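A.B. asks: Sharing a structure here in structure tokens format.
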Amino acid sequence: MVSQVSTNNPANAPRTRRVFLVVIDALGVGALPDAPAFGDSLSVNTLGNIDRHAQRLHLPHLAQLGLGHIVPLAQVPAVEHPTGVYGKLAEVSLGKDTTTGHWEMAGIILETPFPVFPEGFPTGLIEQFVAETGCGGVLGNKPASGTAILDELGVAHLETGFPIVYTSADSVFQVAAHVDRVPLETLYSWCEVARRLLEGPLQVSRVIARPFEGSPGGFRRLGAARHDYAVPPPTPNVLTTIAQQTQGVVLGVGKIDDIFCGVGITHHLHTRSNAHGLEVLIQLAKGELALPSLAKAGFEQRTGEKQLIFINLVETDMNFGHRRDVNGYAHALEAIDTELAALIDHLTPEDLLLITADHGCDPTAPGSDHTREYVPLLMFSKGLSVAHPAQNLGIRQSFADVGQTALAWLGIQPTASLPGKAVLPLV
């Protein structure tokens, strides 16, 4: 049910309704029943195992929203009177990757998973890639950790200039090159060739440009210069419903614009880090960042009466989950927790905060890949008055409930074909 939130705006004045959708990348909360079919143990639990093994996990603000009620945690208490609505989401789509998770939130269910290449990419594809890019050859062509493969092949790349091509358990074709050896524009052009070639049974969900810098023994990936080339999502979806049917604003912060190939995105801002992304959210909440400055061509005049502000906080996954760094992941969550407190302070009763994740990446699991897990859902607004047991959502059957909830908050009737069910308590 949609909340009837009162407003102090003058009569006939347009109301600005906003949804802040925050995706903490890879924050799973326990194995889905079908996890073994995706190569994962039923014991995977990103948040639960971080809680068990981290030296410290201090998340007072997420705890206050109800995080400790979603999964039993030793270091994050289940507070007696949470201020948020809480539960967990099951994934319907067949996958455990970034694109699949985000798309399902937007009402896109994938019944056929994107292909993966555990033995590397076919020889014919690689030969065609080399011929069409003129890169001279490739290094790698195997599944690998993004940092480990730089240690393994970075020197050879500097000597030959050949790009490092690798994949993972996810459906990705990743191309790494040192910025002093291969200009960024060249790396991006190579990735555009790869995106064009990867069609049909080879259509991976994302081609990712992975520029790096530094010297042997100290190579560093340049996250701000990373670029994702995703498959365009089907339409209609939640983003296009907001952007096209209601002339609303869809602001993609971080890699959201890349994940959706720009489809349904009216405004965007690439960020340097989690801290930068959260700083942007706080500035938006305070009214210190003008929407026109972030508009794509043709959307400069959008009034923003209905806004979806959609952010991915990638460092938990990229820097710590895949690297199996438990304490680093815990520290990243603590930093997010601190900034969320500042964001919440500046939200209005017309704002809805949704916090969730796109998959798991248990840092205590073998290997370096994502894990098939439930994800948390925390919901908060100063315009909601919730009381137990209404605030316990239990297990929701699809990530698509996130998108439907966003539409409901914005007062938008969803397209009948979109899956999911809105979850909004009464005021």
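The values are calculated or read from the model by the stated rules, or taken from the named source; none is laboratory data. Note that the coordinates shown come from a computational prediction; the quantities given were computed from them, not determined experimentally. Positions of Cβ are generated from backbone atoms using ideal geometry, with glycine treated the same way; all protein chains shown enter the neighbour counts. For accessibility, only protein heavy atoms count, side chains too; no ligands or nucleic acids. Shrake-Rupley method; radii C 1.70, N 1.55, O 1.52, S 1.80 Å.
A.B. asks: Can you tell me which lysines have their Cα less than 25 Å from the Cα of Lys96? Leave out same-chain residues fewer than eight positions away.
C.D. replies: By straight Cα distance, Lys96 reaches Lys88, Lys142, Lys255, Lys421.
A.B. asks: Sticking with this structure for a sec: Report ³J(HN,Hα) in whole Hz for each residue of region 37-52, in order, from the Karplus equation J = 6.51 cos²θ - 1.76 cosθ + 1.60 where θ = phi - 60°; Gly and Pro get x.
C.D. replies: Rounded to whole hertz, the list is 5, 9, x, 10, 6, 6, 8, 5, 6, 3, 5, x, 6, 4, 4, 6.
A.B. asks: Where Lys and Arg each count +1 and Asp and Glu each count -1, what net charge lies around Asn327 among other residues with Cβ under 13 Å from its Cβ?
C.D. replies: My count for the surroundings of Asn327 gives +1.
A.B. asks: When the convex hull of the C-alpha atoms of the chain is computed, what volume per residue in Å³ does it have? Walk me through the numbers before you get to the answer.
C.D. replies: Values: hull volume 58.0 nm³, N = 427.
So the per-residue Cα hull volume is 136 Å³.
A.B. asks: Another question about this same structure. Taking the Cα-to-Cβ direction at Ser189 and at Ala74 and moving 7 Å from each Cα, how far apart do the two end points lie in nm?
C.D. replies: 5.6 nm
A.B. asks: Now for a separate question. Report the extension gain between Leu94 and Glu111 in nm, rounded to one decimal, defined as 0.36 nm multiplied by the number of residues separating them, less their alpha carbon distance. Show your work: numbers first, answer last.
C.D. replies: Details: separation 17, 0.36 × 17 = 6.12 nm, distance 0.60 nm.
Length gained between Leu94 and Glu111: 5.5 nm.
A.B. asks: When the Kirkwood radius is taken over all Cα pairs of region 278-354, what Stokes-Einstein diffusion coefficient follows at 37 °C and 0.692 mPa s, in µm²/s?
C.D. replies: Result for D is 227 µm²/s.
A.B. asks: Same structure again: Summarise the accessible area of the chain (1.4 Å probe, protein heavy atoms) by the percent that is carbon and sulfur.
C.D. replies: Numbers: 8680 of 16440 Å².
Roughly 53 percent, rounded to a whole number.
A.B. asks: Using θ = phi - 60° and the Karplus relation 6.51 cos²θ - 1.76 cosθ + 1.60, list the HN-Hα couplings for region 228-234 in order, rounded to whole Hz, with x at every Gly or Pro.
C.D. replies: 9, 10, 9, 6, x, x, x
A.B. asks: Please state, to two decimals, what the Cα-based radius of gyration of region 65-210 comes to when divided by 2.2 N^0.38 Å (N = residues).
C.D. replies: Rg over 2.2 N^0.38 Å, computed on Cα atoms: 1.36.
A.B. asks: Please state the relative contact order of the chain as a whole percent: Cα pairs under 8 Å, 6+ residues apart?
C.D. replies: Values: 994 pairs, mean separation 127.8, N = 427.
For the chain, the relative contact order is 30 percent.
A.B. asks: Also, I was wondering about something else. Based on the Kirkwood radius over alpha-carbon pairs, what value in µm²/s does the Stokes-Einstein equation return for the translational diffusion coefficient of region 237-387 at 10 °C and 1.306 mPa s? Present the calculation step by step, with values, prior to reporting the outcome.
C.D. replies: Working: Rh = 16.7 Å.
Calculated translational D: 95 µm²/s.
A.B. asks: Pull up all non-local amide H partners of Leu139: gap of 5 or more, or a different chain, and H-to-H distance under 5 Å with H placed in the peptide plane.
C.D. replies: The answer is Ile164, Val165.
A.B. asks: Considering amide H positions built from the backbone, and no H for Pro or chain starts, which residues 5 or more places from Phe299, or on another chain, come under 5 Å of its amide H?
C.D. replies: Long-range HN contacts for Phe299: none found.
A.B. asks: Please arrange Cys191, Cys261 by accessible surface area, largest first, computed with a 1.4 Å probe and ligands excluded.
C.D. replies: Descending order: Cys261, Cys191.
A.B. asks: Further question on the same structure: What distance in nm separates the simple spin-label points at Ala290 and Thr123, each placed 7 Å from Cα in the Cβ direction?
C.D. replies: Label at Ala290, label at Thr123, 5.9 nm between them.
A.B. asks: Take every Cα-Cα pair in region 187-263 and report what % of them are more than 19 Å apart.
C.D. replies: When all Cα pairs of region 187-263 are counted, 50 percent exceed 19 Å.
A.B. asks: Quick one: net charge around Gly30, please, counting Lys, Arg +1 and Asp, Glu -1 for every other residue with C-beta under 9 Å from its C-beta.
C.D. replies: Residues close to Gly30 contribute a combined charge of 0.
A.B. asks: Rounded to the nearest Å, what's the spacing between the alpha carbon centres of region 93-158 and region 194-247? Just the number, please.
C.D. replies: 11 Å
A.B. asks: Right, something else. With +1 on the Cβ of every Lys and Arg and -1 on the Cβ of every Asp and Glu, and nothing else charged, how large is the dipole of the chain about its Cα centre, in debye rounded to the nearest 20?
C.D. replies: 760 debye
A.B. asks: Next question, about the same structure. Whole number in Å², please: accessible area per residue of region 233-287, 1.4 Å probe, ligands, DNA and RNA not counted.
C.D. replies: Details: 1700 Å² over 55 residues.
Averaged over the residues of region 233-287, the accessible area is 31 Å².
A.B. asks: Kirkwood hydrodynamic radius for region 144-280: how many Å is it when counted over pairs of different Cα atoms?
C.D. replies: 16.2 Å
A.B. asks: Turning to a different aspect of this structure: Hand me the GluC sites (Glu not before Pro) from region 40-149 located in a DSSP loop with no more than 12 other Cβ atoms within 10 Å, in residue order please.
C.D. replies: Numbers: sites: Glu80, Glu91, Glu104, Glu111, Glu119, Glu127, Glu132; in loops: Glu80, Glu91, Glu111, Glu119.
Hits after loop and neighbour filter: Glu80, Glu111, Glu119.
A.B. asks: Next question. Kindly state, to the nearest 0.05, the FRET efficiency for Ala275 paired with Arg56, given R0 = 30 Å and r defined as their beta-carbon distance.
C.D. replies: 0.95
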